[in-house]
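Single-structure report; data block below.
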């Protein structure tokens with residue numbers, strides 16, 4: 001892999017320092033807002049169904065359309081991230097998804113809910129990829145795991161705050177106000193993103209004067225053996241992850257006949273351990289990588305397997321002993337998030353710098369198209385077919401655990417080619433943007 005070519009002296013992009021920490025802070029906060037906007041829908045499913053006269057299948061379809069918009073638009077948006085500017089695209093995305101989060105609160109019927117959620121998905125489609133590209137550029141490789149662990153804390157914190165605050169607002173002020181209020185912080189943080197340092201846009205090593213096109217860039221990613229298993233595995237993992245994220249709150253509300261504020265508070269109680277999972281997972285993936293260079297993919301292989309086992313067992317015992325089920329659910333959350341920082345790092349460490357954003361865009365596309373986008377709709381449909389109660393929803397969620405088991409197999413297979421793929425791009429460098 002050649003270094004960037006230039007006819008004049010260039011300043012290499014420096015890693016570390018307070019500017020890198022500023023990138024990490026802003027991107028992590030935006031990641032949290034991203035998932036707050038998703039979590040608020042999960043906690044207000046029951047009042048939305050009651051007011052708008054919707055079924056589980058309708059709600060599942062709205063979630064699936066949102067997820068499909070994330071999947072479909074992730075690659076073209078992140079292609080622009082790679083070719084234009086990371087920080088400017090993050091600004092536009094944050095403001096965009098915030099506007100349509102606000103519009104969700106104005107819904108008067110199914111279409112009024114469906115369309116804003118679709119455009120929220122368009123806004124959120126490229127954010128995580130842009131954030132990961134900037135963070136992995138800002139820190140040396142030996143710190144990628146822990147820094148992406150911190151970044152992924154945004155997921156757990158966002159889910160918790162979305163459920164807790166969204167539930168409280170819904171009960172006291174109505175479900176619409178939850179969306180209206182949650183639209184504000186995304187705009188503020190999006191403006192802050194414009195102040196971040198960025199690296200100079202990198203041309204593909206094989207690019208001519210006109211550069212490399214979108215489809216040719218995708219082809220370059222698919223020729224990397226590790227990424228083929230990685231993409232498939234992440235999609236299968238999200239069958240379980242997406243189903244659990246959107247339908248666990250309604251399950252708890254039905255099982256114990258409680259309102260959304262209480263359900264959100266109960267389920268968010270496991271967030272500290274999930275946060276610990278993301279942090280320890282990032283640290284442990286860095287440590288394991290030093291001892292075994294396949295560690296980046298071996299770790300998520302084992303955590304996917306364990307999280308599927310814990311979730312499936314917890315669902316089986318839910319009706320028999322809620323305390324045991326709660327412990328198993330917390331263990332599921334811990335092990336699920338332990339593997340996420342390592343997966344984020346893998347998406348960046350086996351590809352040339354010109355495709356840093358697009359690599360994560362392809363990850364998002366595959367994680368949803370291979371299962372994550374369809375899981376909420378399928379779970380809602382199965383639940384409706386079985387009567388729409390707690391029992392039918394429990395069975396539907398249990399079936400989704402198959403995705404976690406299949407994902408573990410894919411990650412183990414991907415680890416076999418990981419070393420050689422990393423070595424192919426080990427000499428790449430980035431240049432500081434002016």
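In table form, for the structure just shown:
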quantity	calculated
Any hit, the range 405-414, residues being on the phi > 0 side of the Ramachandran plot, touching a helix residue (DSSP H, G or I) at 6+ places or on another chain (Cβ under 6 Å) and touching a residue at least 24 places away in the same chain (Cβ under 8 Å)	no
Positions within the range 253-268 being surrounded by fewer than 24 Cβ atoms within 10 Å (Cβ to Cβ) and either within 18 Å of the chain's Cα centre (by Cα) or assigned to a helix (DSSP H, G or I) (or both), in sequence order	253, 254, 255, 256, 261, 262, 265, 266, 268
Odd one out for residue 230, checked against (1) in a helix (DSSP H, G or I); (2) in contact with a helix residue (DSSP H, G or I) (Cβ under 9 Å, 6 or more places away or on another chain); (3) closer than 17 Å to residue 361 by Cβ; (4) at pLDDT below 90	(4)
Residue match in the range 279-291 (condition: surrounded by fewer than 24 Cβ atoms within 10 Å (Cβ to Cβ) and within 14 Å of residue 159 (Cα to Cα))	no
Residue within the range 269-278 that is buried (at least 20 other Cβ atoms within 10 Å of the Cβ), without any contact (Cβ under 8 Å) to a residue 60 or more places away in the chain, touching a helix residue (DSSP H, G or I) at 6+ places or on another chain (Cβ under 7 Å) and under 29 Å from residue 325 (Cβ atoms) present	no
Test for residue 381: is it outside any helix (DSSP H, G or I) and more than 21 Å from residue 310 (Cβ to Cβ)	no
Qualifying position, being part of a helix (DSSP H, G or I) and over 30 Å from residue 217 (Cα atoms), among 364, 324	324
Test: residue in the range 76-95 that is farther than 23 Å from residue 359 by Cβ, in a helix (DSSP H, G or I) and either within 15 Å of the chain's Cα centre (by Cα) or modelled with pLDDT of 90 or more (or both)	yes
Test: residue in the range 345-357 that is outside any helix (DSSP H, G or I), in contact with a helix residue (DSSP H, G or I) (Cβ under 7 Å, 6 or more places away or on another chain) and under 20 Å from residue 249 (Cβ atoms)	no
Residue check for residue 167: part of a helix (DSSP H, G or I), in contact with a helix residue (DSSP H, G or I) (Cβ under 8 Å, 6 or more places away or on another chain) and more than 30 Å from residue 296 (Cα to Cα)	yes
Single residue of 386, 419 found to be surrounded by fewer than 17 Cβ atoms within 10 Å (Cβ to Cβ), farther than 30 Å from residue 134 by Cβ and at pLDDT below 90	386
Breaking point among (1) part of a helix (DSSP H, G or I); (2) modelled with pLDDT under 85; (3) more than 18 Å from the chain's Cα centre (by Cα), for residue 293	(1)
Test set (1) modelled with pLDDT of 85 or more; (2) under 19 Å from residue 130 (Cα atoms); (3) surrounded by 18 or more Cβ atoms within 10 Å (Cβ to Cβ) - residue 188 fails condition number	(3)
Test: residue 383 is within 16 Å of the chain's Cα centre (by Cα) and touching a residue at least 60 places away in the same chain (Cβ under 8 Å)	no
Residue in the range 115-126 that is in contact (Cβ under 8 Å) with a residue 60 or more places away in the chain, in a helix (DSSP H, G or I), out of contact with any helix residue (DSSP H, G or I) (no Cβ under 6 Å at 6 or more places or on another chain) and under 21 Å from residue 366 (Cβ atoms) present	no
Where a residue in the range 75-94 is touching a residue at least 60 places away in the same chain (Cβ under 8 Å) and its partner, wherever it lies, is crowded, with 24+ Cβ neighbours inside 10 Å and assigned to a loop (DSSP other than H, G, I, E, B), with Cβ under 6 Å and at least six apart	77/125; 77/126; 78/126; 81/126; 93/126
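The values are calculated or read from the model by the stated rules, or taken from the named source; none is laboratory data. Quantities reported herein were computed from a predicted structural model and do not represent experimental measurements. Here the Cβ is made from the backbone with ideal geometry for all residues, glycine too, and neighbour counts use every protein chain on show.
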